[in-house]
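The values are calculated or read from the model by the stated rules, or taken from the named source; none is laboratory data. If you're wondering where the values come from, they're calculated on a predicted model, not measured in any experiment. Cβ sites come from the backbone with ideal geometry, for glycine too, and all protein chains shown count toward neighbours. Keep in mind that these areas ignore ligands, DNA and RNA; they rest on the heavy atoms of the full protein, side chains included. Shrake-Rupley method; radii C 1.70, N 1.55, O 1.52, S 1.80 Å.
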Amino acid sequence: MSQRFGWVIRGRSLPQLRKIAILERRGDKGESMAKGNHSFTEWDIIQRFNAIVGHTVTEVDTAGVLAASSASRNKGRIGAVIEQSVLGYPSDSDRRPDILIDRRPWEVKATGLVESARSGWRAKEPMSITAVAPEGIVAESFATSAFWHKAEHLLVVYYLYVRPGKGVAVEYAGFEFKGYDLHTWREVDRCRLEADWTVVREFVRTALEGDIDAEMPNLSTLVNPQLLYLDTSPKWPNRPRFRLKASLVTQMARERLDDGMRMIPDQGGLSSMGALRAHLHEIAKTYAGQTLEELATQFGLPLKTKTGRENKSLAEQVVVRLFTGHAGKISQVPLFAKAGLVFKTVTLTPAGGRTEDMKLNPSIDFDELCDPTVEFEESSFAAPFIDSTMVVAVIEEQYRDCSLRRCRFMGFKVLWLGTYLDAARALWDGMRNLIFSDGLVDTPILKRDGTPRVTPKTGIPMTTPNWPKSRDGVLFVRGTGTDASDKPVEVNGVKMYRQNIWVKGTELADRLEGLMYL
């Protein structure tokens, strides 16, 4: 394989490669568009898609796409319904963008949303755009690239994805269309996409100069941590594809569907992961060593809540103010939300130890975990370990068990959670094995003398599902709830708290100790 690619690259000049790549991507676009009657006005598109909002896939399927055998259980059928029943042309797998709107090419994408009571809309998965073709990308600029040719103008159709649970096949026919978006990119977002694409192209160029089969498997391992908006999957030798991160698709949907979110003005100058690191470095250079109380006083942030208790969100509020110049929450910072950047504060003891384990959000999606058709790589369970970078604000106690306000801000470190991908896969497999083998049980929590423990508030005996615990590895599962009666999740008849993946605190302390401050 490497010899073949090497011959292609070395046997032609860069201008020749560029011409080949553009012709291959473009094909005979104008003629095929005209033949397929894929041309529309914006007004026509608005009318067609306004008409399907609030209706199910089967209600929209006037062309009878779902009548095919098992079609209602194939997610590709939703795209076919849009093509044939909404846009009115036969199913088309051509590599060019799908349609013309006012003579401009647009790519049509259908993507599922999962509705969460706590966090509103969330994209079910990343959005695949086009292949990372080594022999093509090295001859491209961003403006002429196959990726931008597809992604520049996106007609995104959103539908509500509902998982039926363990052992039941998904019925796409009943999914409801929630809205659509004629999406064009703001300049700040376009710059971030270009920066990400360029990082991938330069990596591929280097890989082609050596042994491609030895180098390309490192694409996701070495490059994904450097990307803000994109990731690449699957892993070589399977042909990787450019994907918009699920976090970015989530924000696109929220901006369009307007679920009441309030965002802080975007940090437009931060166009790459490198620029973000430099910005965090400058913040730390100015403010490191000061206590949270000193910083809160400078910025007019409250040290206590309205009820007089210590403000446990003080560290987050200080960092948001440092990062953006505005008051707010991390979830309201556009760059963090779109890039899927996980923000955490880590408090270290004077001896350098971690004070507690770290919970990862959101809570585990058990409808997904119990669905045998869901692959690990496409799950929300895996998402933090595939395309998420963790920005850690390090807080240090001045003395053992000092109050939060007395802790000092020390600076930022960056962790890539992909380090734990294999551990996450093992955790996923272990939990699914318990579910599908009916091995999940609710076990009592006992005192040292062997008698059951009870919660002081309710007097209810304490129990816990036999999910992997902290003694079993660096990743484990733990539930959280207000009291023993707050168990809204039920799996195989076992009621439980909302469950989250946790990272063992000692592991984090060790990792952080080996990392330099930005």
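Observations, loosely collected:
- Computed from Cα positions, the angle between helix 14-26 and the longest principal axis of the chain comes to roughly 80 degrees.
- The residues of the chain have, on average, 47 Å² of accessible surface per residue, using a 1.4 Å probe with all protein chains present.
- Taking only the alpha carbons of region 178-228, we obtain Rg and Dmax values of 14.8, 48 Å in that order.
- Segment Thr41-Ala426, length gained on full extension (0.36 nm per residue, minus Cα span): 133.6 nm
- Its relative contact order, with pairs defined as Cα atoms under 8 Å and 6+ residues apart, puts the chain at 12 percent.
- Restricting the calculation to Cα atoms, region 197-330 yields a radius of gyration followed by a Dmax of 20.1, 64 Å.
- Column: log10 I(q)/I(0), Debye, Cα scatterers of region 289-433, q = 0.13, 0.15, 0.18 Å⁻¹: -0.69, -0.86, -1.07
- Binned Cα-Cα distance frequencies in region 434-518 - 10 Å width, integer %: 15, 37, 30, 12, 5
- Counting heavy atoms of the protein chains alone, His183 has an accessible area of about 20 Å² for a 1.4 Å probe.
- Rounded to 10°, Cα long-axis angle of helix 421-436 versus longest principal axis of the chain: 90
- Spin-label pair Arg205-Arg277: with each label point 7 Å from Cα along the Cα-Cβ axis, the two points sit 1.9 nm from one another.
- Neighbours of Gly300, meaning other residues whose beta-carbon lies under 14 angstrom from its beta-carbon, give a summed charge of 0 when Lys and Arg score +1 and Asp and Glu score -1.
- Residues Arg432, Arg498, sorted by accessible area with the largest first, give Arg498, Arg432 [1.4 Å probe; ligands and nucleic acids excluded].
- Label-to-label distance, Val188 versus Lys495, with points set 7 angstrom from Cα along the beta-carbon direction: 4.6 nm.
- The residues neighbouring Glu310, those whose beta-carbon lies less than 10 Å from its own, together hold a net charge of +4 under the Lys/Arg +1, Asp/Glu -1 convention.
- Accessible-area composition of the chain, carbon plus sulfur, in percent [1.4 Å probe]: 49
- For the cross-link pairs Lys312/Lys359; Lys359/Lys504; Lys469/Lys504; Lys245/Lys469, the ones whose C-alpha atoms lie over 18 Å apart are Lys245/Lys469.
- Reference-scaled alpha-carbon Rg (2.2 N^0.38 Å with N residues) for the chain: 1.06
- Stretching Ala51 away from Asp486 to a fully extended chain increases their span by 152.5 nm, per 0.36 nm per residue minus the current alpha-carbon distance.
- Region 391-460: mean projected area of Cα convex hull, nm²: 9.5
- Cα long-axis angle, helix 273-287 against the chain (0 to 90 degrees, to the nearest 10): 30
- With both residues required to sit in the chain, DSSP beta bridges show an antiparallel share near 75%.
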